[in-house]
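Before any comments, here is the structure.
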Amino acid sequence: MVLLNDFVRQWAEIDRDATAALAAVGASGYYILGPSVAAFEERLARLCGPRHAVGVGNGLDAIAIGLRAAGCQPGQRVLTTPLSAFATTLAILQAGAVPCFVDVDRDGLLDLDRVEEALARSPSFAFLLPVHLYGRPLALRRLRALGERFGVPIIEDCAQAIGASHDGVPVGTVGVAAALSFYPTKNLGCLGDGGALLTEDAGLAERARALRNYGQSSRYRHDHIGCNSRLDELQAAILSTALLPRLAGWNARRGAIAQAYCRGIANPALATPRADCPGAVWHLFPVLVRQGEREAFAAHLAAHGVQSAVHYPRLIPEQAALRTYGKYEVLDSLERAREFAARELSLPIHPYLTALEIDTVVAACNSWRPA
């Protein structure tokens, strides 16, 4: 089976470095918020661009802590996408704010035309929370210009897009803060869970460091209602020594595979992503199948030895948890988002795919004949 992710092959590559990191942390005597976390934060900030990086427990917490550290208050409105992992909206709810949804564009990313219209209609949005979905970056210069024009702070969800850029601008650099996830399936995925917050603002970084550690500004001094969300020393050490140095190569390999798919898949029953996105890091490779045929296509792929997965088949505003919460706004029809939710299927894309496996995926796609 051609797998969506292959952690066995990854371990074969990183085994020596990861094992050395484990030994170094064990010998150091520091297990929580020690020198490994500090060193990783410094390296991550250098890689991504913003001056400060704050390691936290996961990507969800990175967004929630970012919102709170940036001053988001209960009841404030946050403009965001309906097509993403539920964690994006859950972070808004954890901050006590109200998610407000506009539609996506033809790539499945937050539609900046709709964002501009919404901001022009209403001055009451406190934050804008876009997602660089599938590893494809939004138009970052325009995103920054919208935030500046309407005076709305931006928190970027870069969970799927570490290392991505648009027109020379890296993701995570156009807002007041940005969130990363190190969940194992991510382009920079650790051996467990983890996340980080990026920011240029030293004060915001200081508040985030307090919030992640029970709200403490110093030991036993609690200035904030915080949480327990600390990237541990072991994950930080493995990220620093075994994973981060390989990220650029892994992202380049993902890009090469994506281009091979875009060139090779020539089936009119499938819509593949646009290939002309040089700054994408291709966390996922989503194809669109005609409505009602996704399950049959997935079965066809499986029969040809290819694993696949559906990402985000239900829009966030349609989730029972959000409807029970009750505080949210849908600002337009969400027509494109509904189309993605009904038609999307992700193909395998990870750095360890062989040429033969890529050919297998392409051939399986091209042999698909819907009923």
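The values are calculated or read from the model by the stated rules, or taken from the named source; none is laboratory data. Quick caveat: nothing in here was measured; it's all calculated off a predicted structure. Positions of Cβ are backbone-derived with ideal geometry, glycine not excepted, and every protein chain shown enters the neighbour counts.
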- request: Starting from residues that are of a type in the set (Val, Ile, Thr) and either part of a loop (DSSP other than H, G, I, E, B) or within 16 Å of the chain's Cα centre (by Cα) (or both), keep the ones in region 163-174 and report whichever is surrounded by the most Cβ atoms within 10 Å (Cβ to Cβ).
  value: VAL171
- prompt: In region 80-93, is there at least one residue being more than 30 Å from ALA271 (Cα to Cα), modelled with pLDDT of 95 or more and more than 19 Å from the chain's Cα centre (by Cα)?
  reply: no
- request: Kindly provide the set of residues from region 5-20 that are of a type in the set (Lys, Arg) and over 24 Å from the mean Cα position of the chain (by Cα), ordered by number.
  value: ARG16
field: Hits in region 2-50 (condition: in a helix (DSSP H, G or I), in contact with a helix residue (DSSP H, G or I) (Cβ under 8 Å, 6 or more places away or on another chain) and under 30 Å from ALA303 (Cα atoms))
entry: TRP11, GLU13
message: Tell me whether region 142-160 contains one or more residues that are surrounded by fewer than 24 Cβ atoms within 10 Å (Cβ to Cβ), in contact with a His (Cβ under 8 Å, 6 or more places away or on another chain), under 19 Å from PRO50 (Cα atoms) and of a type in the set (Lys, Arg).
response: no
task: Examine region 274-290 for a residue that is over 18 Å from ASP107 (Cα atoms), of a type in the set (D, E, K, R), in contact (Cβ under 8 Å) with a residue 60 or more places away in the chain and not in a helix (DSSP H, G or I), and state whether such a residue exists.
output: no
field: From GLY57, GLY71, GLY66, residue being out of contact with any strand residue (DSSP E or B) (no Cβ under 7 Å at 6 or more places or on another chain), assigned by TED's automatic domain parsing to the domain that holds TYR183 and more than 21 Å from TRP250 (Cα to Cα)
entry: GLY71
field: Residue list for region 299-325, filter: among the aromatic types (Phe, Trp, Tyr) and within 21 Å of the chain's Cα centre (by Cα)
entry: TYR312
field: Members of region 31-57 that are among the aromatic types (Phe, Trp, Tyr) and surrounded by 15 or more Cβ atoms within 10 Å (Cβ to Cβ)
entry: PHE40
- prompt: Condition test on LEU331, is it touching a Cys at 6+ places or on another chain (Cβ under 7 Å) and either over 26 Å from ARG263 (Cα atoms) or in contact (Cβ under 8 Å) with a residue 24 or more places away in the chain (or both)?
  reply: yes
task: Within region 68-92, work out how many residues are among the small types (Gly, Ala, Ser) and not in a loop (DSSP other than H, G, I, E, B).
output: 3
